[in-house]
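The values are calculated or read from the model by the stated rules, or taken from the named source; none is laboratory data. These numbers were taken from a predicted model, which means no experiment stands behind them. Cβ sites come from the backbone with ideal geometry, for glycine too, and all protein chains shown count toward neighbours.
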Amino acid sequence: KNNVAIYYGQGANQPRLSHFCEQTTSDIINIGFIHEFPKSVGDYPGSNFGNQCDGTFFPGTGLLKGCHQIWEDIPICKAAGKTVLLSLGGGSATTQSLKDVATAESFADFLWYSFGPYDSSFSSLEWTAAMKGELYPRPFGTVAVDGFDLDIEYNGNVGYAAMVNRLRKHFAASTEQKYYISGAPQCPIPDKQLGDAISKSWFDFIWVQWYNTAACSASSGTGKFNFNEWVKVIEASANPNAKLFIGLPASPEAANEGFYLTPAQVKPLIKTYVSNKHFGGVMLWEATAGDNNLIDGSTYTQHIKDILYD
Ligand SMILES: CNC(=N)NC(=O)NC
């Protein structure tokens, strides 16, 4: 009801993740991004987490190896009761797509064995190029994420429903904890990239990017802001009880011109929709922008959290 989801990983000069683990203002943290997708079965994805890694890669891949601060800090966030998801795609993944279902399912297996619960029969902490193909690497060491976020912004629908269903198969077979899938569609309906996946595979959270598209953004006002239409999309989807979050930019620079709303402007919007049974909370793009956007001595993220608890 009053959850705040924030994206972390692409912020300008961002602090390490633990800075956000220690704040009570967020409940879900999406770490972005796996921004390069496998081109075919067995191919490795690539990652980018801004300033957080040491620039070393798994040999012959675009997958970052030395993300010490992230794997040290994810347990701090989890111990603080936060859900930590690994986000796929993002705004810079302009050329990424999934060729076919086989590639999609291979990608899902890679994500599960590389970033899910550590299983030494499938994954190796001391991965070498020689082992590529038999074992999976562990970019975050033995640390596991709580699930995956699909921030798919380009190149259409192929494979994402199959990928989510494959991940769900792994989730169902696991015993140690609950895992989650979320998606960040743009606000026009149907979303070109995620519409098919949302209708055919189980999402727990949908945070719509109600910015950057004047036809339906929050800043475009009632009559254009299409929350109620997205409720219908959810109710017709594979998980009719998915939680719907209002996605907003956390500072004026965090989105295109004209899409930022001040806390005072967000308040009536939240008041209107908070009682909807699908309302899950607010998603903010992104953590560092919100942290640096100080208003009356509090961060933007704090203001949003306060409104949700009003
Ligand atoms: C330009 N792309 C973005 N701002 N992406 C997001 O806000 N993803 C949640």
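Do you know which of the residues in region 246-277 that are touching a helix residue (DSSP H, G or I) at 6+ places or on another chain (Cβ under 7 Å) and hydroxyl-bearing (S, T, Y) is farthest from D27 (Cα to Cα)? Checked region 246-277; the qualifying residue farthest from D27 (Cα to Cα) is Y260.
For region 146-254, which helices (runs of 4 or more DSSP H) that fit wholly inside it have 2 or more residues that are touching a residue at least 60 places away in the same chain (Cβ under 8 Å) and out of contact with any Cys (no Cβ under 8 Å at 6 or more places or on another chain)? Quick ask: steps written out before the conclusion?
Details: elements: 160-173, 195-200, 227-235.
In region 146-254, the matching helices (runs of 4 or more DSSP H) lie at 160-173.
Among the residues making up region 256-286, those that are within 15 Å of V4 (Cβ to Cβ) and in contact with a Lys or Arg (Cβ under 8 Å, 6 or more places away or on another chain) are V274, F279, G280, G281. Hey, can you tell me all the residues within region 141-164 that are out of contact with any Ser or Thr (no Cβ under 6 Å at 6 or more places or on another chain), under 18 Å from S182 (Cβ atoms) and modelled with pLDDT of 95 or more? Within region 141-164, A144, V145, G147, F148, L150, I152, E153, G159, Y160, A162, M163 qualify.
Filtering region 220-243 to residues that are touching a Pro at 6+ places or on another chain (Cβ under 9 Å) and more than 24 Å from A161 (Cα to Cα) leaves nothing.
The rows are residues; the columns are (1) away from the ligand (no atom under 15 Å from the Cβ); (2) at pLDDT below 95; (3) within 16 Å of F148 (Cα to Cα).
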{"site": "R166", "(1), (2), (3)": "yes, no, yes"}
{"site": "K169", "(1), (2), (3)": "yes, no, yes"}
{"site": "S182", "(1), (2), (3)": "no, no, yes"}
{"site": "A197", "(1), (2), (3)": "yes, no, yes"}
{"site": "D204", "(1), (2), (3)": "yes, no, yes"}
{"site": "W210", "(1), (2), (3)": "no, no, no"}
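Just one of the listed residues (D119, D109, D73) is over 17 Å from G32 (Cα atoms) and either in contact with a His (Cβ under 9 Å, 6 or more places away or on another chain) or in a strand (DSSP E or B) (or both), namely D109.
Can you tell me which residue within region 26-41, out of those that are more than 17 Å from K305 (Cα to Cα) and β-branched (V, I, T), is surrounded by the fewest Cβ atoms within 10 Å (Cβ to Cβ)? Top of the filtered list is V41. Report yes if some residue within region 120-140 is at pLDDT 95 or above, within 20 Å of V41 (Cα to Cα) and aliphatic (A, V, I, L, M); otherwise report no. There is no residue in region 120-140 that is at pLDDT 95 or above, within 20 Å of V41 (Cα to Cα) and aliphatic (A, V, I, L, M). Do we have any residue at all in region 47-57 that's buried (at least 19 other Cβ atoms within 10 Å of the Cβ), under 15 Å from the mean Cα position of the chain (by Cα) and in contact (Cβ under 8 Å) with a residue 60 or more places away in the chain? Among the residues of region 47-57, at least one is buried (at least 19 other Cβ atoms within 10 Å of the Cβ), under 15 Å from the mean Cα position of the chain (by Cα) and in contact (Cβ under 8 Å) with a residue 60 or more places away in the chain, which makes the answer yes.
Go through region 278-296 and count every residue that is touching a helix residue (DSSP H, G or I) at 6+ places or on another chain (Cβ under 9 Å) and either farther than 19 Å from G221 by Cα or in a helix (DSSP H, G or I) (or both).
Going through region 278-296, the residues touching a helix residue (DSSP H, G or I) at 6+ places or on another chain (Cβ under 9 Å) turn out to be 278-279, 281-282, 284-296.
Among the residues that remain, those that are also either farther than 19 Å from G221 by Cα or in a helix (DSSP H, G or I) (or both) are: 278, 285-296.
Number satisfying all stated conditions: 13.
Determine, yes or no, whether S97 is touching a helix residue (DSSP H, G or I) at 6+ places or on another chain (Cβ under 9 Å), surrounded by fewer than 23 Cβ atoms within 10 Å (Cβ to Cβ), touching a residue at least 40 places away in the same chain (Cβ under 8 Å) and more than 24 Å from T288 (Cβ to Cβ). Spelling it out, it is not the case that S97 is touching a helix residue (DSSP H, G or I) at 6+ places or on another chain (Cβ under 9 Å), surrounded by fewer than 23 Cβ atoms within 10 Å (Cβ to Cβ), touching a residue at least 40 places away in the same chain (Cβ under 8 Å) and more than 24 Å from T288 (Cβ to Cβ). The set of residues from region 1-25 being within 16 Å of the ligand (Cβ to nearest atom), part of a loop (DSSP other than H, G, I, E, B) and either crowded, with 24+ Cβ neighbours inside 10 Å or under 13 Å from the mean Cα position of the chain (by Cα) (or both) comprises G9, Q10, G11. For L125, the criteria (1) surrounded by fewer than 23 Cβ atoms within 10 Å (Cβ to Cβ); (2) touching a residue at least 40 places away in the same chain (Cβ under 8 Å); (3) not small (G, A, S); (4) not in a helix (DSSP H, G or I) hold in every case but one, which is (2). Select from region 76-96 the residues that are within 16 Å of the ligand (Cβ to nearest atom), among the hydrophobic types (A, V, I, L, M, F, W, C) and part of a loop (DSSP other than H, G, I, E, B) and list them in ascending order. Correct list: A93 only. Residues of region 26-43 that are within 16 Å of the ligand (Cβ to nearest atom) and hydroxyl-bearing (S, T, Y): S26 alone. The one condition from (1) within 16 Å of the ligand (Cβ to nearest atom); (2) out of contact with any strand residue (DSSP E or B) (no Cβ under 6 Å at 6 or more places or on another chain) that V101 does not meet is (1).
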